[in-house]
1. Hey, got a sec? Which trypsin sites (Lys or Arg not before Pro) in segment 312-390 land in a DSSP loop and have at most 12 other Cβ atoms within 10 Å?
2. Stokes-Einstein diffusion coefficient for segment 1-63 at 37 °C in a medium of 0.692 mPa s, Rh from the Kirkwood formula over Cα pairs: what value in µm²/s?
3. Choose one of L437, Q601, N574: the residue whose Cα lies farthest towards the positive end of the charge dipole of segment 313-617 (beta-carbon charges +1 Lys, Arg; -1 Asp, Glu; about the Cα centre).
4. How big is the convex hull of the Cα atoms of segment 309-357, per residue, in Å³?
5. Which whole-number value in Å³ per residue fits the convex hull of the alpha carbons of segment 458-566?
6. From the alpha carbon gyration tensor of segment 542-614, can you work out the equivalent ellipsoid semi-axes (sqrt of 5 times each eigenvalue) and give them in Å, largest to smallest?
7. Multiply the residue separation of L682 and T734 by 0.36 nm, subtract the distance between their alpha-carbon atoms, and state the gained length in nm to one decimal.
8. What does the net charge come to around L67 if you take all other residues with beta carbon closer than 11 Å to its beta carbon, with K and R at +1 and D and E at -1?
Amino acid sequence: MIEVKDKLFHIKTRNYSYLFEAEPHGHLQQLHFGAPIESMDADAFRLKPLLGWGSNVLYDEGDMACLDAAALEFSGHGRGDYRESPIEIFEGSRPLPTDFVYKSHRVLKAAPPMESTLPLPEGEAETLEISLSHLDALELTLYYTAYEDVLCRRAVLKNISEREYELGKLMSFMLDIPGKYELVGFDGAWIAEAHKSITPVDRARIVRDSVTGASSNRHQPGFLLASPAATEEHGTVYGFNLIYSGNHYASAQRSHQGLNRIMQGINFANFKMPLAPKAEFEAPAAVLGWSGEGFNGLSARFHRFVNEHIVPQYWRNRPRPVLYNSWEGCFFDFDQKRLLSLGKKAAQLGCELFVLDDGWFGARNNDCAGLGDYNVNLKKLPEGLSGLAKKMRALGLDFGLWVEPESVNPDSDLYRAHPDWAIVDELGEIYGRHQLLLDLTKQEVRDYIVDSVGKVLDSADIRYVKWDMNRHSTALGAKAHEYILGLYEIMGRIFRPRPHILLENCSSGGNRFDLAMLCFSPQIWASDDTDPIERLDIQQGLSYLYPQSCMGAHVSAAPHAQTLRTTPLSTRGNVSFFGLLGYELDLKHFLPVEETEIKNQIAFYKKYREIFQFGRFSRIENEDCQCWQVSKGNTHIAGIFHRMINAAPGYEFLRMSGLEKNRRYRVASRQQKLRVGQFGALVKHIAPVNLDPNGVVLRTVDHRYAMDDGQESFTASGAALDAGVALSSLFTGTGYDKAMRVQGDMSSYVYVAEAEK
Ligand code: GLA
């Protein structure tokens, strides 16, 4: 609901209130963003003027108005506000002083309010449109679109004069809020995405940005502002994110008076955008959320918003298949025979989709050649994609394909025919993974990609596409933004007419994990790192901002390709359950016990798929281990994950949240197994005969039989589970029974709690 009284604007939903007004000089003053309140509270929120301005520049000597101390919705340059400005405009080399003041407003019963070249959320919402003007030369329109869980803000700047300007910065939103906060960001690198970082917001400015041409694995565009006392379940947490996939910028800084200035938008580092007479520039939409129920409360709102308003309509709340991906198992080394044998095994294990990753086209036998040429390699695949897809279908599997259409290898037919299509500057050809970026700002390049990828997709029964991007841009300047607009056009033209194709974005893993990509692809490959222990950080980091339904999470080989860490198969499955389960390893070498374990994992995941993919996700605080929970209706599933286990471990408790306090729940652990072989020479202490730990008897037993690990079931009330119920003991150096949790380092357990009728 949007309530307007004179020039007081109140955006109110069940979950938040956002209140501001145009003050007598026309500046938009922020009054409240937080718990739902009444418009009549406005007076209570108005900041009482501070006296004695000393060295400050006043906006009005008459009423002592001083912008530097005001809580504003947007600020300009040169009228006394010395904090960071969200806008910079130049006329020639001269920075333009700007003062945007209220001109008009409209309430629109719809969203989005206008055609846009940028992706926007969809679905029912009301929009408040406010026009501000700077000396009748520039018009700044601020849009506030109210969704139940979050508020979307964006800004459009129009040159309404006859003068030539250049835009040096235009943030999507700015906000001044009182309080003391910590900024929670998610930072990383390749194979180490989205690691949580905490920085107090204080007088020095915090900047989170990207200049790689992608939203980047360095600094995730989404971030939070949390009261230092906030926990997963209690306290004030704000969330911010940008619906954009290119270079982004966000900053947070606390003023002397205790106002925190937050802004976010495109990163304008190294370029200015011409703003000719009558031209306009549109900043991408930003998402603002608030929760009084801690981090989990904020995440629940962001997750619902993504599931209901961001991902393409066809895939909203539609279950995602369990997939097998050929990459880590085969790399470039495959032919149809090998793929079909993997497909057969994948189908037997319970997978539903076979994804053929890199290496199926042109001269793509390694990553040095072939990118750009999407003709099928008939030596590897003599029956083409359609023959392969048909045979996968006959095995009971859908078929999906990897493409990387934004780049070109210089060793490719495409590059030889159109060297000018690659982006090269005066520093010459600079390669990333032996490839150059194609210039998506050129219409003929966009048409080539739409046409060539479209033909591939229509050439066979293809139900899934993994769209990769592994080359990061260098100093593209304004072109970086035009590139991203070109990319959105391409994705829209290819996938809007083919809504049934499940698109998974990837950029060397999670290098482009952002809300704009999710507007096209319902899921994103979270990281090239599939080591489950690393994934505990990566998936947990992403979970603050994005739902499990959009996070690709695969079980891969141990020792792991990137860490050489050996982890239990049970843990590899248990971590992947809390995302979109897939398998990415050579299935040929499985032992019978491993096959059984995988079959059980897939069957378990399918049984609870709706809950794992679309249930409410919570991070549960537990000092002994890392805990995740998903809940839907009367079913709650918790995973508890260990890293290194100590000798003589203490007691451990299972805590679950959001259960009905007075109801009783049947709780049962997921059936999981323990390899006999991992006990090595210790087996001789319990075996009646002295077995050789490297001998054939023990090897045979290890390959065929496995022991139960941590099998327990009990009933408890919701209140008891909320307080924490005692779990069976961890291995303490002696003894075994099937309830004991013996797996040791990197072990994990999953518990299902179902309400009794
Ligand atoms: C990137 C992706 C991987 C895989 C390879 C193929 O690294 O992140 O998942 O698709 O490319 O070359």
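1. When the trypsin sites (Lys or Arg not before Pro) of segment 312-390 are filtered for loop state and at most 12 Cβ neighbours within 10 Å, K379 remain.
2. 251
3. Projecting each Cα onto the dipole axis, the largest value belongs to Q601.
4. Normalising the Cα hull of segment 309-357 by residue number yields 96 Å³.
5. Convex hull of Cα atoms, per residue: 136 Å³.
6. Gyration-tensor ellipsoid for segment 542-614: 22, 16, 9 Å.
7. 17.7 nm
8. -4
Read-outs: derived from the displayed coordinates by stated rules, not from any lab. Everything quoted here is computed from the prediction, not taken from an experiment. As a convention, Cβ positions derive from the backbone with ideal geometry for all residues, glycine included, and neighbour counts pool all protein chains shown.
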